[in-house]
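> Dropping the structure in here first, questions after.
The values are calculated or read from the model by the stated rules, or taken from the named source; none is laboratory data. Since this is a predicted model, take the numbers as computed values, not measurements. Backbone-built Cβ (ideal geometry, glycine too); neighbour counts: all protein chains shown.
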Amino acid sequence: MTLSITFDSTTNYFHLTNQSISYIIELLDNRYLIHRYWGKSVRNYSGANRLPSYKKTFASFQSLEQDNQSFEFLPQECPLSFMGDYKEAGLKLRLADQSEMLRPIFHSYNIFNGVPNLPDLPHARATIDEAKTLVLTLIDSTSRVQLDLFYSIFKDNNTIIRSSKLTNLSSDEFEIQHFASATIDTLYQGQQLTSFYGSHQKEFQLQHTSITHGQFRIGSSRGASGPQYPPFIAISDLAHECYGEVRALTLIYSGNHTELIERDQYDQLRLQIGLNPEMFSWKLGPKECFSTPQAVLVYSDAGFNGMSHQFHHFTRHHLLPSQFKNEIAPILINSWEMTYFDVNEEQMLQVIEQAHQLGFEAVVLDDGWFSGRNSSKTSLGDWHVDPIKFPNDLTPLVNSCQQKGMKFGIWFEPEMISAQSQLCKEKPEWIVKSPYFPAYYGRNQYVLDLTQKEVQDWLIQTLSTFIETYHVDYIKWDMNRHLVENESQLAHFLPKEFSHRYMLGLYRVLNYLTQQFPNLLFENCSSGGGRLDFGMLYYFPQTWLSDNTDGLDRQAIQYGASYLFHPYQLTGHVSAVPNHQTNRTTPLQTRMDLADSTNMGYELNILKTSLEDNHVIAHHINRYKSLRQLIQTSRFYRLLSPFDHNATAWLFESEDKENYYLVAFRNTYSVSQTGYLLRIPYLDDNAYYITSNGESYTGSDLKNAGLFISFEKGDYQSYTLYLKKKRENH
Ligand code: DGJ
């Protein structure tokens, strides 16, 4: 695709396009940046979509000659208060003289190849051939404030990256009170709104609602992106999984965020995403600058599946550490749901032996391995191997794995500190707490004050020494509570700066460790998907999606999460029944098929499984080894939603479109309904597809007439089918 960013000085339009999408901004009166269009690519934009400007009694205007030109109607790139707009502003400052008024006007623009580098924040990656960036600079010469708006467009992806930067050109300090990463103004024409809600063990619950007048706002103030409302919002025109227009936003950030949609009295819509102003402010000294996290804007004219393909492609090619782009993760067995805190050398050596026999490629020692950690009440921060549980240190485990050609992984919760710990006795001032009140507990623990460089350095040192000593191959980085207090005992900055400073501190640690140990596989976790976002994905290629491993509940969680994340970026484990979270019993085959639709592993006691089960497990692992290349590199299509049906179905398509893997689940069994008719709209009409059942169908048949899939009797059954494209038609 040809990538171009142009400015036409006769029409005053900036046009970003890759021939697939367009983003158009008008420079009005050589002063203001007006949003004109974001969607499927257009040629020779004429401005015919502009609303007629009309004169309304309450609308304010700047000049008597232009009394119909009001910011109440003009769609803006960075709306401000006190200019007659009356909707949510994209930027709010308090200047040194307490004034909050700002009037930046257009100053200049710059276009460069590649993407901006945000040194302190995770950000999109691209070579100079893969992307182009437009920077629009506005200056308020009275307050001496510079505002830079960044827009990047990619050759191979329908994503626009937006972020903003403020520079203080004055000699006084001022306070940023609100600074959105992106605001987009458009017209309401019956679109629906899509977002997610969720909780621990019930992440990514999909919700479609209508857009009413007023504001709809979601976000997080937990100091983490959170499971409650992940950073995502989309509007769509009659969209479905397979068709319709979708415009979706997310953020490359892992802390507090907010997403807003506002429908005004004239049926205009404002979308906004960025740092949560409830929990954010920033003092900016003379000559200092501040950059917002990047917003990711995806346009799709192929429904929500099309939107997800853009997100999946963007994260794989422009966000993940590049060394993991094509990397296959080891199939692991994790000790958590096996024995919880009750781990020891003898048992783990047996697990390694058994895991080797069954075909696993890695063993992960989860929580419980360090300094007296027998429950969630103690020891976080004392990252020394427990001498009672592991009298010979970890060396026998690491050696045993290595001898067998397996990898060894271990669990950490680096950002946390237990009240009962040596570290807490020595460094009580490292706990996040107000100087005036006792700190709140969450899962019996406190949070380390990562706003402080000495704490960041201690963490870097502790983890680096551990990694160098034990040569571990994998670290599961957990975070089992979120922030409450947002205050540092040691710092002298505004409390509302705390949570963003915490994130910058964490990102500094992650940057260091991932660069120092580029081949170490880190898994992101916050009691499952409590901090699952594009910010963490920049450092860690995979995330433990949910602490809920149940064969039914996980279908919805995996389905929802796939809106943003490719299934292989999410880990899923086969666990024991009755399930530890729900007490539900689902068939082993169903749990295996569900985990296979992710980056698959196990989390049950393989020292207690029957010989028969071991045979099934070994067979399953072997099968996944031949399947995972397809899963990892696939294009993923959702076909049947568990949010609407008593069933779930999805499809993996190989990169060359030669192989397909269909997975479906039917939940409660009903005597009158034996299966589902599934249309597979993504096949080649004229090609023949041979199934693993030995049948042969044309693409047009499966697309239009569909495939009736029957399930076995009983609840929670699964169904899988391979389809292989036949080379020659017959
Ligand atoms: C929460 C994680 O999600 C679990 O998988 C496990 O690692 C526990 N923490 C350990 O405390």
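> Please go through region 567-590 and pick out each residue that is under 23 Å from Gln350 (Cβ atoms) and either assigned to a loop (DSSP other than H, G, I, E, B) or more than 16 Å from the ligand (Cβ to nearest atom) (or both).
The answer is Ala576, Val577, His580, Leu588.
> Follow-up question, since we're still on this one. For region 418-453, name all the residues that are under 16 Å from Ser527 (Cα atoms) and crowded, with 23+ Cβ neighbours inside 10 Å. Break it down into steps so the answer makes sense when it comes.
Let us first name the residues in region 418-453 that are under 16 Å from Ser527 (Cα atoms), namely 441-447.
Those that are under 16 Å from Ser527 (Cα atoms) and crowded, with 23+ Cβ neighbours inside 10 Å: Gln445, Tyr446, Val447.
> Here's something else I'd like to know. Considering region 473-494 alone, what residues qualify as being closer than 30 Å to Val398 by Cβ and within 16 Å of the ligand (Cβ to nearest atom)?
Tyr474, Ile475, Lys476, Trp477, Asp478, Met479, Asn480, Arg481
> Which numbered condition in (1) of a type in the set (A, V, I, L, M, F, W, C); (2) surrounded by 17 or more Cβ atoms within 10 Å (Cβ to Cβ); (3) not in a helix (DSSP H, G or I) is the only one that Ile631 fails?
Only one criterion in (1) of a type in the set (A, V, I, L, M, F, W, C); (2) surrounded by 17 or more Cβ atoms within 10 Å (Cβ to Cβ); (3) not in a helix (DSSP H, G or I) is unmet by Ile631, namely (3).
> Taking region 531-542, which residues are within 14 Å of the ligand (Cβ to nearest atom) and hydroxyl-bearing (Ser, Thr, Tyr)?
If the condition is that a residue be within 14 Å of the ligand (Cβ to nearest atom) and hydroxyl-bearing (Ser, Thr, Tyr), then no residue fits.
> Given the conditions (1) within 15 Å of the ligand (Cβ to nearest atom); (2) touching a helix residue (DSSP H, G or I) at 6+ places or on another chain (Cβ under 9 Å), report the number of the one that Tyr512 does not fulfil.
Checking Tyr512 against (1) within 15 Å of the ligand (Cβ to nearest atom); (2) touching a helix residue (DSSP H, G or I) at 6+ places or on another chain (Cβ under 9 Å), the one that fails is (1).
> Just need a number here: residues in region 3-59 that are surrounded by fewer than 19 Cβ atoms within 10 Å (Cβ to Cβ), part of a strand (DSSP E or B) and of a type in the set (Gly, Ala, Ser).
Selection size over region 3-59: 2.
> Still on this structure, I have one more. Of all residues in region 68-124, which are basic (Lys, Arg), under 18 Å from Arg144 (Cβ atoms) and part of a loop (DSSP other than H, G, I, E, B)?
Pass one, region 68-124, residues basic (Lys, Arg): 87, 92, 94, 103.
Those still in the list that are under 18 Å from Arg144 (Cβ atoms) too: 92, 94, 103.
Arg103, the sole residue that qualifies.
> Check region 515-530 and report whether any residue there is within 16 Å of the ligand (Cβ to nearest atom), assigned to a helix (DSSP H, G or I) and either of a type outside the set (A, V, I, L, M) or in contact with a Leu (Cβ under 8 Å, 6 or more places away or on another chain) (or both). Reasoning before the result, please.
The initial filter retains those residues of region 515-530 that are within 16 Å of the ligand (Cβ to nearest atom), namely 521-530.
The next check asks that each one be assigned to a helix (DSSP H, G or I); those that pass are none.
Looking through region 515-530, none of the residues is within 16 Å of the ligand (Cβ to nearest atom), assigned to a helix (DSSP H, G or I) and either of a type outside the set (A, V, I, L, M) or in contact with a Leu (Cβ under 8 Å, 6 or more places away or on another chain) (or both).
> Shifting gears a bit: Is region 471-494 home to any residue that is of a type in the set (Gly, Ala, Ser), surrounded by fewer than 17 Cβ atoms within 10 Å (Cβ to Cβ) and free of Cβ contacts under 8 Å to residues at least 60 places away in the same chain? Steps first, answer last, please.
Narrowing region 471-494 to residues of a type in the set (Gly, Ala, Ser): 488, 491.
Adding the requirement that they be surrounded by fewer than 17 Cβ atoms within 10 Å (Cβ to Cβ) leaves 491.
Now restrict to residues that are free of Cβ contacts under 8 Å to residues at least 60 places away in the same chain: 491.
Within region 471-494, one or more residues are of a type in the set (Gly, Ala, Ser), surrounded by fewer than 17 Cβ atoms within 10 Å (Cβ to Cβ) and free of Cβ contacts under 8 Å to residues at least 60 places away in the same chain.
> Sticking with this structure for a sec: If you take the residues of region 400-414 that are of a type in the set (Gly, Ala, Ser) and away from the ligand (no atom under 16 Å from the Cβ), which of them is farthest from Thr462 (Cα to Cα)?
Here the answer is Gly405.
> Next question, about the same structure. Kindly establish whether Glu658 is in the same structural domain as Gly706 (by TED's automatic domain parsing) and more than 27 Å from the chain's Cα centre (by Cα).
It is true that Glu658 is in the same structural domain as Gly706 (by TED's automatic domain parsing) and more than 27 Å from the chain's Cα centre (by Cα).
> Turning to a different aspect of this structure: Looking at (1) within 20 Å of Arg554 (Cα to Cα); (2) assigned to a loop (DSSP other than H, G, I, E, B); (3) under 34 Å from the mean Cα position of the chain (by Cα), find the lone condition where Gly714 falls short.
So the condition that Gly714 fails would be (3).
> Can you find a residue that is within 16 Å of the ligand (Cβ to nearest atom), out of contact with any Lys or Arg (no Cβ under 8 Å at 6 or more places or on another chain), part of a helix (DSSP H, G or I) and free of Cβ contacts under 8 Å to residues at least 24 places away in the same chain anywhere in region 612-623?
No, there is no match, as no residue in region 612-623 is within 16 Å of the ligand (Cβ to nearest atom), out of contact with any Lys or Arg (no Cβ under 8 Å at 6 or more places or on another chain), part of a helix (DSSP H, G or I) and free of Cβ contacts under 8 Å to residues at least 24 places away in the same chain.
> Okay, next question. Hey, does region 80-93 have a residue that's within 27 Å of the chain's Cα centre (by Cα) and free of Cβ contacts under 8 Å to residues at least 60 places away in the same chain?
no
> Follow-up. So which of Met307, Met279 ends up being away from the ligand (no atom under 16 Å from the Cβ), in contact (Cβ under 8 Å) with a residue 12 or more places away in the chain and crowded, with 24+ Cβ neighbours inside 10 Å?
Testing whether each residue is away from the ligand (no atom under 16 Å from the Cβ), in contact (Cβ under 8 Å) with a residue 12 or more places away in the chain and crowded, with 24+ Cβ neighbours inside 10 Å leaves just Met307.
> From the list Leu365, Leu380, Leu319, Leu332, which one is away from the ligand (no atom under 16 Å from the Cβ) and either modelled with pLDDT of 95 or more or crowded, with 22+ Cβ neighbours inside 10 Å (or both)?
Numbers: Leu365 fails: away from the ligand (no atom under 16 Å from the Cβ); Leu380 fails: away from the ligand (no atom under 16 Å from the Cβ); Leu332 fails: away from the ligand (no atom under 16 Å from the Cβ).
The unique qualifying residue is Leu319.
> Then there's this: I'd like to check something: does region 449-470 contain any residue that is farther than 18 Å from Leu506 by Cβ and within 16 Å of the ligand (Cβ to nearest atom)?
No, region 449-470 contains no residue that is farther than 18 Å from Leu506 by Cβ and within 16 Å of the ligand (Cβ to nearest atom).
> What pairs come out if I take residues in region 336-361 that are without any contact (Cβ under 8 Å) to a residue 24 or more places away in the chain and not assigned by TED's automatic domain parsing to the domain that holds Asn622 and pair them with residues that are assigned to a helix (DSSP H, G or I) and surrounded by fewer than 18 Cβ atoms within 10 Å (Cβ to Cβ) whose C-beta lies under 6 Å away, six or more apart or interchain?
As it stands, the answer is none, since no pair meets every condition given.
> Among the residues of region 554-585 satisfying the criterion of being out of contact with any strand residue (DSSP E or B) (no Cβ under 9 Å at 6 or more places or on another chain) and among the hydroxyl-bearing types (Ser, Thr, Tyr), which is farthest from Tyr197 (Cα to Cα)?
Result: Thr585.
> Just checking, which of Leu564, Leu545 is crowded, with 18+ Cβ neighbours inside 10 Å, within 19 Å of the chain's Cα centre (by Cα), within 16 Å of the ligand (Cβ to nearest atom) and in contact (Cβ under 8 Å) with a residue 40 or more places away in the chain?
Leu545
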